[in-house]
Amino acid sequence: MIIFLYGSDSYRRNKNLRELIDAYRNKHREIDLLVIDLEDNPDDWLKVRDFLNQPSMFVESKVAVVKESNQMDKKEWVEVLKKYLKTEKTFILISDYGKPKKMFTFLTKAPVESRYFPELTGERLAAFVKKESEVKGLRFTQEAQRFFIDYLSVADDRSWLAVNELEKILLANFSQPIAPKDLRNYIDWLPKEEVFLVSRSILNERDWRRRLGFLESLFLRREEGARIFNSIAFQSRGKESLRLADYDVSVKSGGLEYEEALLDFVL
């Protein structure tokens, strides 16, 4: 039997993988377990093949855990996986970051049990944050919760970030319900609306020293260069729009980093 977990939400995907492994350990008194990451060593698919082929004399079940299965796109590897689609006591648990390549699309169809873990957005992200907050005994005001979700929404690996930040907030021992000012002091980040306003100030200001000061304030808050650049470019007009277009070409062709382009622009 094969269970295929995939998607960019690595926190929920890895959590489900751990739960599956624990379930098999609890169900079978003896278990033979192999864990392989093909991203690090693509040729380790041979270890999986040999492990599964070995007779099980002293164990009830075999479980092969394969991470990033599509890093090896040999036909022989696909044949190994298909051989175990319907086995009852031999299990292959696959955990991949991306969607499967064409030759692996069979992993998303029966009899494979597939589970997709995309990045959380909107109401699903808010529900996840609410649940994890309740587990940790944390309460937020509505405004503080909106700020926290806005902060998460522009990040990658949002579930990981949410859980890690909630752990830190718990240790900070804020008064509850947690107020926006506490989060703003703790999380050095500007919501997109505020980045937009600071970007507009950079465009409107003629004194290069003040322009540089606005840009430095964004850098000090660890805002991504691409986010700042895009916010400024979106609001630009005329000659400045043409200049930013040239910078964009240079960045995308590898000539400059976004941070370098922004410094050159404000100076």
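From Leu93, Leu125, which residue is without any contact (Cβ under 8 Å) to a residue 40 or more places away in the chain, under 25 Å from Ser159 (Cβ atoms) and surrounded by 12 or more Cβ atoms within 10 Å (Cβ to Cβ)?
None of the other options fit; the residue is Leu125.
Restricting to segment 1-17, count the residues that are among the small types (Gly, Ala, Ser) and farther than 20 Å from Leu81 by Cα. I'd like the intermediate steps shown before the answer.
Filtering segment 1-17 for residues among the small types (Gly, Ala, Ser) gives 7-8, 10.
Within this subset, residues satisfying the condition of being farther than 20 Å from Leu81 by Cα are 8, 10.
Adding up the residues that qualify gives 2.
Considering only residues that are more than 27 Å from the chain's Cα centre (by Cα), acidic (Asp, Glu) and assigned to a helix (DSSP H, G or I), which ones fall in segment 7-59?
Asp50
How about segment 148-267: which helices (runs of 4 or more DSSP H) wholly inside it have at least 1 residues that are of a type in the set (Gly, Ala, Ser) and within 30 Å of Gly98 (Cα to Cα)? Step through it out loud before you land on a result.
Details: elements: 158-172, 180-186, 192-204, 208-220, 225-235, 238-252, 258-266.
Those helices (runs of 4 or more DSSP H) span 158-172, 225-235, 238-252.
In the list Val251, Val195, which residue meets the criterion of being among the β-branched types (Val, Ile, Thr), surrounded by 14 or more Cβ atoms within 10 Å (Cβ to Cβ), more than 23 Å from Ser133 (Cβ to Cβ) and without any contact (Cβ under 8 Å) to a residue 24 or more places away in the chain? Outline the logic, then answer.
On the way: Val195 fails: without any contact (Cβ under 8 Å) to a residue 24 or more places away in the chain.
Among Val251, Val195, only Val251 is among the β-branched types (Val, Ile, Thr), surrounded by 14 or more Cβ atoms within 10 Å (Cβ to Cβ), more than 23 Å from Ser133 (Cβ to Cβ) and without any contact (Cβ under 8 Å) to a residue 24 or more places away in the chain.
When both residues are 6+ apart or on different chains and their Cβ atoms are under 8 Å apart, which pairs have a first residue that lies in segment 158-171 and is β-branched (Val, Ile, Thr), and a second that is in a helix (DSSP H, G or I) and open to solvent by less than 10 Å² (accessible area, probe 1.4 Å)?
Correct list of pairs: Ile169/Leu183.
Out of segment 216-236, which residues are open to solvent by less than 80 Å² (accessible area, probe 1.4 Å) and of a type in the set (S, T, N, Q)?
Result: Ser217, Ser231, Gln235, Ser236.
Across segment 4-26, which residue is modelled with the highest pLDDT among those that are closer than 16 Å to Glu60 by Cβ and either touching a strand residue (DSSP E or B) at 6+ places or on another chain (Cβ under 8 Å) or surrounded by 14 or more Cβ atoms within 10 Å (Cβ to Cβ) (or both)?
Ile21
Testing Tyr116 on (1) in contact (Cβ under 8 Å) with a residue 60 or more places away in the chain; (2) surrounded by 15 or more Cβ atoms within 10 Å (Cβ to Cβ), one condition comes back false. Which one is that?
Checking Tyr116 against (1) in contact (Cβ under 8 Å) with a residue 60 or more places away in the chain; (2) surrounded by 15 or more Cβ atoms within 10 Å (Cβ to Cβ), the one that fails is (2).
The values are calculated or read from the model by the stated rules, or taken from the named source; none is laboratory data. What you see is a predicted model, and the numbers here were worked out from it, not measured in a lab. Because the Cβ atoms are built from the backbone with ideal geometry, glycine has one as well, and the counts that use them run over all protein chains shown. For accessibility, only protein heavy atoms count, side chains too; no ligands or nucleic acids. Shrake-Rupley method; radii C 1.70, N 1.55, O 1.52, S 1.80 Å.
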